[in-house]
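Asks: I am attaching a structure below and will ask some questions about it afterwards.
The values are calculated or read from the model by the stated rules, or taken from the named source; none is laboratory data. All values derive from a computational prediction rather than experimental measurement. Please note: Cβ atoms are built from the backbone with ideal geometry, for glycine as well, and neighbour counts cover all protein chains shown.
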Amino acid sequence: MVQAKIQEITDRIIDRSGPSRDGYLERMRNATSKGPSRAHLSCSGQAHAYAAAGVDQAPLATGVGGNLGIVTAYNDMLSAHQPFEHFPDVIRAAARSVGGTAQVAGGVPAMCDGVTQGEAGMELSLFSRDVIAMAAGVALSHNVFDAAVFLGVCDKIIPGLVIGAQAFGHLPAVFVPAGPMTSGLANDDKAQVRQKFAAGEVGRPELMAAEMAAYHGPGTCTFYGTANTNQMLMEFMGLHLPGSSFVTPNTDMRQALTTEAARRALSLSALGNSYTPVCDILDEKAFVNGMVGLMATGGSTNLLIHLVAMARAGGIMLTPEDFSEISDIVPLLARVYPNGLADVNHFHAAGGLGYMIGQLLEGGLLHPDTKTVAGGGLAEYTQEPFLQDGELIWREGTKESLNDKILKPVTDPFQATGGLKRLAGSLGTGVIKVSAVKPEFHVIEAPARVFHNQEEAKAAFKAGEFTGDVIVVVRFQGPKANGMPELHSLTPMLAILQGRGHKVAMITDGRMSGASGKVPAAIHVCPEAMDGGPIAQVRDGDMLRVDAVAGTLENLAPDAADRTPVTADLSGNHAGTGRELFAPFRAAVGAADDGATVFGW
C-alpha cells in the first residue's frame, strides 16, 4: 500500500501534467500505429541501411526478426564509457541468438565533468545533455528499428539519452550500464589530499599520486555523485535490468547482463506479445519512484534539474515543491561517499539497490505497479542476478542490511528525511543538499563576499582574505550567463575555511558537483543574476542567512531589494573551447527550476 502523501503528490503531478501528457501519448500511439518504416523503405533506402551489415544483411532484407538500434556514448577517454567499446559485438551476437539483428544506430558525445572542473569546458557540460538528446534523435531517425538499447552512464549522458529515448517513446528501450571501477584509494583519503594541496601542505606530485590511485581503471568513479545517481534512477524507474547498475566492467556477470539486456529489448518490441514501449514505463509513477530513490540515497543535486527535463520530454511536469515534499517524508537509508565513507562497491555488497527498493516498498514509499523492462512490477528489483552453470538467473536478494554503517532499514534510517531541501526567500529560490552536512551547519548566518567567477574566489582565498565567518556568493553562473557550470573546484577551499572553525556557506546560481556536500551550498538560485534576480543585488558585507531547517534563503540587508541589480561583462566567457558554438543555447535556455533546457516543452 502506497503512503497517502506519496499518492497525493503523484495525483497532483498527474493532474498538472494532464494536457501535455495526453498530447505526448497521442503522438506515441500514432507512431506505434505506423510502425518502423524499414519494410516501407524503397529498395535503395533499404540497401543503404543494410549495406555494411555483413552476416546480418540477408536477415535484415528478407527476415521477420526484430532489429535493435544501439545508441552508444562510447569513447575511450572516459573510464565509465571505455568498456562500451566491445558492447556492440556482444549485443549483435545476443540479437542473432534470438533471431534478430542489431546495428549501431549512432553515437552521442560524452564529456567528463571530472576533467573539466574549473575549466572553460565545464561551461558546455549542462548543454551537452540536450546535444546528446538531439544526437540520439538523429541516431534513431532512420526509423528502421523495433527497439533500442542505450549505452551510457555519466552525468549528462543518461539524462540526455532518456530525453532522446522519449522522442521515440513508441519503441522499447533498455538502458545498459558499464558498471563502477573497482575500489581504489578511499574517497575520503583523496579528499584530504586535495584539501592539503589547496592549503599548500603537499605538492602536486602527492596530489597526482592520490588522484591516480583513486581513478585507476575502467568504470564509473566509485563515489556517489551524479553518474552513480543516474544508475540508481535507471533501476528505480525500471529501465535497467534488476541488480545491473553496480556490477564492475569486464566480468562474466557484466557480459551476461549485457547479453540479456539485448534479448530483453527485442522481446519487448511490437513484433511479440510483450510490447512495452518506453513511453509506458516512464509515467508519473516512475518519476515519483525516481524522486524517492534520489532522497533515500542522498543523491546528486544535479538530478533536480535533470529529472525535471527528463519528465518534460514525456509531457510530465515536475516542480521543486514535488522534490521538497518527497524529501520531507522519505528517510535517508544509505551512507555512501560523500555522505559516508563507503563507495558504491561497498554499497552494492551491503545489499545495494535491491535491499533499498525492498525496504521502500515495505514502507509504502514506492509505487509497486509501474511497468519495467524486467516485465513485472518494481518488486522484481529486489532480486539479484547470479550465474548458475554459466546461465544468468535472478534470486531474491537480501532482506537484511549486510553493513548497517552503509545501509539501514526504513524503520531505523540514518535520518528521518531525505538529503535535499528547497530554499526560498528574499534571495529567490534554490536548493541545498544536507545529507552530508553536519547539523550544526544547517543554519549559517554570515557576511557576504561576492564574486563573479570561481577564479576570483580562489584568488581571494590564496591572498588570505577569508579570516572569519563568510558566505561566498558566486553569481553569473546560471544557464543563461555561462551554461551553469559546476563549481566543485571551490570545495577544498570552503572545506578548509570550515575546518578552521569558521561558519561557511556558498550561494550560487550555478551548480555544485554531485560529490559535494560537507559545506552547505545554496545552489541553482533562481532567478539567476543574468535575469536580474535578487542574487544580483547582493553586496560585500551584506548579512545573509542560509537556513536548511526552515527552508529559507535571505539577504538581511534592509535596503537590498531597492538596489539596481548589477551586471557583468561576460564576453570573455563566450568564446574558446567551443563556447562560441553554444551561443544559441545560452540565448534559448530556460531556468533551472524548469530543467535548464533549450527544448520548449
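Asks: Out of all the residues in the range 147-164, is one or more of a type outside the set (V, I, T), over 21 Å from G290 (Cβ atoms) and surrounded by fewer than 24 Cβ atoms within 10 Å (Cβ to Cβ)?
Replies: No, the range 147-164 contains no residue that is of a type outside the set (V, I, T), over 21 Å from G290 (Cβ atoms) and surrounded by fewer than 24 Cβ atoms within 10 Å (Cβ to Cβ).
Quick grid of which residues meet (1) closer than 26 Å to L124 by Cβ; (2) under 22 Å from the mean Cα position of the chain (by Cα); (3) not hydrophobic (A, V, I, L, M, F, W, C):
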| position | (1), (2), (3) |
| --- | --- |
| M512 | yes, yes, no |
| A522 | yes, yes, no |
| C526 | yes, yes, no |
| G551 | no, no, yes |
| P558 | no, no, yes |
| V566 | yes, no, no |
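Asks: Kindly indicate whether T182 is surrounded by fewer than 17 Cβ atoms within 10 Å (Cβ to Cβ), of a type in the set (S, T, Y) and modelled with pLDDT under 95.
Replies: In short, yes.
Asks: Right, next: For the range 32-48, what are the residues that are surrounded by fewer than 18 Cβ atoms within 10 Å (Cβ to Cβ) and in contact (Cβ under 8 Å) with a residue 40 or more places away in the chain?
Replies: Answer for the range 32-48, where residues must be surrounded by fewer than 18 Cβ atoms within 10 Å (Cβ to Cβ) and in contact (Cβ under 8 Å) with a residue 40 or more places away in the chain: T32, G35, S37, L41.
Asks: In addition: Which one of H142, H216 is on the phi < 0 side of the Ramachandran plot, surrounded by fewer than 18 Cβ atoms within 10 Å (Cβ to Cβ) and either in contact with a strand residue (DSSP E or B) (Cβ under 9 Å, 6 or more places away or on another chain) or part of a loop (DSSP other than H, G, I, E, B) (or both)?
Replies: Being on the phi < 0 side of the Ramachandran plot, surrounded by fewer than 18 Cβ atoms within 10 Å (Cβ to Cβ) and either in contact with a strand residue (DSSP E or B) (Cβ under 9 Å, 6 or more places away or on another chain) or part of a loop (DSSP other than H, G, I, E, B) (or both) holds for just one of H142, H216, which is H216.
Asks: Which is on the phi > 0 side of the Ramachandran plot and either in contact with a strand residue (DSSP E or B) (Cβ under 9 Å, 6 or more places away or on another chain) or buried (at least 23 other Cβ atoms within 10 Å of the Cβ) (or both), of G225, G299, G293, G243?
Replies: Going through G225, G299, G293, G243 in turn, just one is on the phi > 0 side of the Ramachandran plot and either in contact with a strand residue (DSSP E or B) (Cβ under 9 Å, 6 or more places away or on another chain) or buried (at least 23 other Cβ atoms within 10 Å of the Cβ) (or both): G243.
Asks: What do you reckon, is V90 part of a helix (DSSP H, G or I) and closer than 21 Å to I158 by Cβ?
Replies: For V90, the condition - part of a helix (DSSP H, G or I) and closer than 21 Å to I158 by Cβ - is met.
Asks: Please work out if R263 is more than 24 Å from the chain's Cα centre (by Cα), in contact (Cβ under 8 Å) with a residue 12 or more places away in the chain and not in a loop (DSSP other than H, G, I, E, B).
Replies: Yes; evaluated as a whole, the condition is true for this residue.
Asks: For the range 419-536, list the helices (runs of 4 or more DSSP H) that sit wholly inside it and hold at least 2 residues that are at pLDDT below 95; which are they?
Replies: Those helices (runs of 4 or more DSSP H) span 454-462, 491-499.
Asks: Just one of V278, V288 is touching a helix residue (DSSP H, G or I) at 6+ places or on another chain (Cβ under 8 Å), farther than 19 Å from K5 by Cβ and buried (at least 24 other Cβ atoms within 10 Å of the Cβ); which is it?
Replies: V278
Asks: Of everything in the range 530-542 that's in contact with a strand residue (DSSP E or B) (Cβ under 6 Å, 6 or more places away or on another chain) and of a type in the set (A, V, I, L, M, F, W, C), which residue is surrounded by the fewest Cβ atoms within 10 Å (Cβ to Cβ)?
Replies: The qualifying residue surrounded by the fewest Cβ atoms within 10 Å (Cβ to Cβ) is V538.
Asks: Can you tell me which residue within the range 72-87, out of those that are touching a residue at least 40 places away in the same chain (Cβ under 8 Å) and part of a helix (DSSP H, G or I), is nearest to V144 (Cα to Cα)?
Replies: Applying the filter and picking the extreme gives F87.
For (1) more than 26 Å from V437 (Cα to Cα); (2) among the acidic types (D, E); (3) touching a strand residue (DSSP E or B) at 6+ places or on another chain (Cβ under 9 Å), each residue gets a yes or a no:
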residue	(1), (2), (3)
L544	no, no, yes
D569	yes, yes, no
A583	yes, no, no
V589	yes, no, no
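Asks: For the range 187-211: of the residues being crowded, with 17+ Cβ neighbours inside 10 Å and among the hydrophobic types (A, V, I, L, M, F, W, C), which is nearest to G290 (Cα to Cα)?
Replies: A191
Asks: Restricting to the range 488-512, name every residue that is crowded, with 23+ Cβ neighbours inside 10 Å and more than 18 Å from D540 (Cβ to Cβ).
Replies: Once the filter is applied, which keeps residues that are crowded, with 23+ Cβ neighbours inside 10 Å and more than 18 Å from D540 (Cβ to Cβ), the range 488-512 yields T491, G510, R511, M512.
Asks: Is it true that some residue in the range 168-178 is under 21 Å from the mean Cα position of the chain (by Cα), within 30 Å of M493 (Cβ to Cβ) and modelled with pLDDT of 95 or more?
Replies: The answer is no, given that none of the residues of the range 168-178 is under 21 Å from the mean Cα position of the chain (by Cα), within 30 Å of M493 (Cβ to Cβ) and modelled with pLDDT of 95 or more.
Asks: Being without any contact (Cβ under 8 Å) to a residue 24 or more places away in the chain and of a type in the set (A, V, I, L, M) is true for just one of A209, A286. Which residue is that?
Replies: A209
Asks: Please go through the range 561-601 and give me each residue that is closer than 24 Å to E119 by Cβ and among the aromatic types (F, W, Y), ordered by number.
Replies: Those that are closer than 24 Å to E119 by Cβ and among the aromatic types (F, W, Y): F582, F585.
Asks: Out of the residues in the range 39-68 that are outside any loop (DSSP other than H, G, I, E, B) and touching a helix residue (DSSP H, G or I) at 6+ places or on another chain (Cβ under 6 Å), which is modelled with the highest pLDDT?
Replies: Across the range 39-68, the extreme among qualifying residues is L68.
Asks: Output yes when any residue across the range 247-256 is assigned to a loop (DSSP other than H, G, I, E, B) and closer than 15 Å to Y381 by Cβ, and no when none is.
Replies: Checked the range 247-256: at least one residue is assigned to a loop (DSSP other than H, G, I, E, B) and closer than 15 Å to Y381 by Cβ.
Asks: Provide a single number: the residues in the range 68-86 that are crowded, with 16+ Cβ neighbours inside 10 Å and over 22 Å from the mean Cα position of the chain (by Cα).
Replies: Matching residues across the range 68-86 total 2.
Asks: If you don't mind, there's one more thing I want to ask. Six or more apart or on different chains, Cβ atoms under 9 Å: show the pairs whose first residue is in the range 491-513 and in contact (Cβ under 8 Å) with a residue 60 or more places away in the chain and whose second is in a helix (DSSP H, G or I) and among the β-branched types (V, I, T).
Replies: I507/I535; D509/I535; R511/I305; M512/T491; S513/T226; S513/T491
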